[in-house]
Amino acid sequence: MKLNSTKELALMANAIRADIIRMVNAAKCGHPAGPLGLAEIFSVLFFSEMDFDPKNPQKERDIFVLSNGHVCAGSYSAMAHAGYFPPEDLLTFRKFGSPLQGHPSRKYFPFIDNSSGPLGEGLGIACGYAAALRLDNKPQRVYCVVSDGEHDEGSTWEAALFAAKYKLDNLVAIMDRNYIQIDGTTEDVMPLDSIEEKYRAFNWNVISIDGNDIPQILSALKQAKDCKGKPTMIIAKTTPGKGVSYMEKNYKWHGVAPKDEDAAKALSELAAERKKIEQE
Amino acid sequence: MELNTQMHLLNPLSPDLKKDSTREGYGKALLELGEKDSRIVALTADLAESVRVHYFAEKFPQRFFQCGICEQNMAVVAAGLAYAGKIPFLSSFGAFSPGRNWEQIRSAICYGNANAKIVSTHTGLTVGEDGATHQALEDVSLMRSIPNIRVLVPCDFEQAKKAIHAAAKINGPVYVRAGREKMPVFTTQETPFELGKISLYKDGSDISIFASGALVHESLLAAAELEKEGISAAVLNVYDLTEMDNSTIEKYAKKTGAFVTVEDHQIKGGLGSAICESVCETHPVPVHRMGMRMEFGQSGKGSELLKHYGLYSSNIAKVAKEQLKTKKR
């Protein structure tokens, strides 16, 4: 299902946000801040950019590698709305017997392209996919969502070297540059700026955007497609906790679920936002 | 010395045995596989010739990935290639792969069920002069502790080729432990290599010697020494350390009543542990585990180190004789 207007994509991002709140609230644990900040990116990837058939996930399609697996509440929601599984199942997230594991696993679904959770692995897995597609002269592309915090991991930079060496221009990574990690801000825990200059020095095509701005995301993905001979890193500055006033920019919501009362407040804020988008 | 004729072995005592390494067996087998199956790809971390994938790389440059000194990334790139339908073989020294990249192997390859094959070509004391940092003596333990991976330890060049061909046929993760040093080649193309089985190379009734890798040959020499003293030792080659061949272990526990295990590896977590785990559940008998007794190695020739740490035929024979005294009468 493709959504063609910014408004429709914004409504989908809003729906994803509401799901995230319901899911972590029902699970009584999980990671709300990260995926709330990524809602526009998930919306654009699954409803505008990527080519896939939810009825036939084994068919050749674009690859989605989620490196920071803890934000999976958002990607699960997008996958459910896209038609991979019924949205009602989202409330089984993190519960015993549910395929919606706390961190995504290939074991349970043919449309989950990597088992993730341990940070610093997804970019390298995406390189492997991109190299395989290249070997087979396939037109499909690899989309990899990475966090900023996992750039503390040396293995992420190993993958950055590899992708540039092999000129994997069928790989586009989107960094959730939200400036938070578990113990504080990224610049306090382990400074990363200028992350743009670092990636440029690693010989990547680097595009900086506001990661909560749908037209900017669309345009960056278009530029990535046009770039030949280099992998693309889209540095997407996002607001962690976006859409929920008390969560925004507060690293303490990285891995804490809202209680019922807080969840209700969050959902009413998101409902108000939805009305606003609809009226625009 | 009477060998099990069904195993089609060459006389281990013959001075004319050809010498070659298990890493060479890997390199040759990988080249054969590459010619037959275009899904085979190879990765290394700046050690192409050392790990013998240069044969493959020269013939199939498009299917060869030089990852640089990045063992962690090598493992996840291999996982991605495997998820996309390729059959990657990733190789380095055992100290670095699986030593450095264990978590990537656990998560991306084993949990992620990647059809990837990890081959370490420099393992054990026989790495030699490079010293303790490079002598992987814990790799079997590291790999045996992860679900969903098969662990193979071939004993010579010929068996290494079989292990690599078997690894390619398995649909899932495999670890193959190979070695650097040239060792006598005493198995033949006809020697059986069956997953899940232990191979009886020489039968015996007084004691059982279970050996793996480079020390199977020394164990056969030990059995020949014991025979001169009227002691009948069985020698069994354990090349698959995944799920153990419990029925063979139980049979020899009942038949001989005492075990010695011999491996170029720490005595915790490798062959010795695997045999103990199995025999404890069926028919417990005393087991003496020969291997590195939880210490680090040092520089020297492989043969000097094996001698220093007691992993040679005469000492295996001596330990076996002592072990006879532990048997329950």
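Worth pointing out:
- In degrees, nearest ten, helix B:71-83 long axis to first principal axis of chain B (Cα): 80 degrees
- For B:VAL41, the amide hydrogen comes within under 5 Å of the amide hydrogens of B:ILE87, B:PHE89, counting only partners 5 or more places away or on other chains and with H modelled in the peptide plane.
- Cα gyration tensor shape for the stretch A:1-76, rounded if a/c is under 1.5, else prolate or oblate: oblate
- The stretch B:194-324: C-alpha gyration tensor shape, a/c 1.5 cut-off, then a/b vs b/c: oblate
- Loop sites in the stretch B:143-207: GluC sites (Glu not before Pro), DSSP, at most 13 other Cβ within 10 Å: B:GLU190, B:GLU194
- Of all DSSP beta bridges confined to chain B, the antiparallel ones make up roughly 15%.
- The packing ranking of peptides B:68-81, B:254-267, highest mean first, is B:68-81, B:254-267, where packing means the average number of other beta carbon atoms within 10 angstrom of each residue.
- Residues with amide H under 5 Å from that of A:ASN114, placed H, sequence gap 5 or more: A:LEU66
- Applying a DSSP loop filter and a limit of 12 other Cβ atoms within 10 Å to the GluC sites (Glu not before Pro) in the stretch B:270-325 leaves B:GLU295.
- Rounded to 5, the percent of DSSP beta bridges in the protein assembly as shown classed as antiparallel: 15 percent
- Across peptide A:129-137, the average count of Cβ atoms from other chains found within 10 Å of a residue's Cβ is 6.
- Ranked by how many other beta carbons lie within 10 Å on average, peptides B:228-236, A:134-142 from highest: B:228-236, A:134-142
- Inter-chain Cβ neighbour average for residues A:110-123, partner chain, 10 Å: 4
- 3J(HN,Hα) along the stretch B:98-110, derived from phi through the Karplus expression 6.51 cos²θ - 1.76 cosθ + 1.60 where θ = phi - 60°, amounts to x, x, 7, 10, 4, 5, 5, 5, 4, 7, 7, 8, 7 Hz, with x in place of Gly and Pro.
- The chymotrypsin sites (Phe, Trp or Tyr not before Pro) of the stretch A:70-116 meeting both criteria, a DSSP state outside H, G, I, E and B (loop) and at most 14 other C-beta atoms within 10 angstrom of the site's C-beta, are A:PHE96, A:TYR108.
- Counting only DSSP beta bridges with both residues in chain A, the antiparallel share comes to about 10 percent.
- Only protein atoms count toward the accessible area here, which uses a 1.4 Å probe; on the protein assembly as shown, the carbon and sulfur part of that area reaches 50 percent.
- For the stretch A:250-280 and the stretch B:201-263, distance of Cα centres in Å: 67 Å
- Evaluating 6.51 cos²θ - 1.76 cosθ + 1.60 at θ = phi - 60° for every residue in the stretch B:206-220, the Karplus couplings come out as 8, 7, 10, 10, 9, 10, 9, x, 4, 9, 5, 4, 4, 5, 5 Hz, glycine and proline recorded as x.
- Annotation for the stretch A:41-78 versus the stretch B:98-120: alpha-carbon center distance of 25 Å.
- Per-residue shielding of A:155-161, expressed as the average number of other chain Cβ atoms within 10 Å of the residue Cβ, stands at 5.
- Degrees separating the helix A:72-82 axis from the principal Cα axis of chain A, which is the longest one: 90 degrees
- Between helix B:271-282 and chain B there is an angle of about 60 degrees, using the helix long axis and the longest principal axis of the Cα atoms.
- Shape of the stretch B:19-184, Cα gyration tensor, a/c cut at 1.5: rounded
- 3J(HN,Hα) along the stretch A:55-60: 6, 9, x, 7, 5, 4 Hz, from the Karplus curve 6.51 cos²θ - 1.76 cosθ + 1.60 with θ = phi - 60°, whole Hz, x for Gly and Pro.
- Label positions at A:LYS275 and B:SER314, each projected 7 Å from the Cα along the C-beta direction, are separated by 9.4 nm.
The values are calculated or read from the model by the stated rules, or taken from the named source; none is laboratory data. None of these values were measured; they are calculated from a predicted model. Here the Cβ is made from the backbone with ideal geometry for all residues, glycine too, and neighbour counts use every protein chain on show. All accessible areas refer to the heavy atoms of the entire protein, side chains included, with ligands and DNA or RNA removed. Shrake-Rupley method; radii C 1.70, N 1.55, O 1.52, S 1.80 Å.
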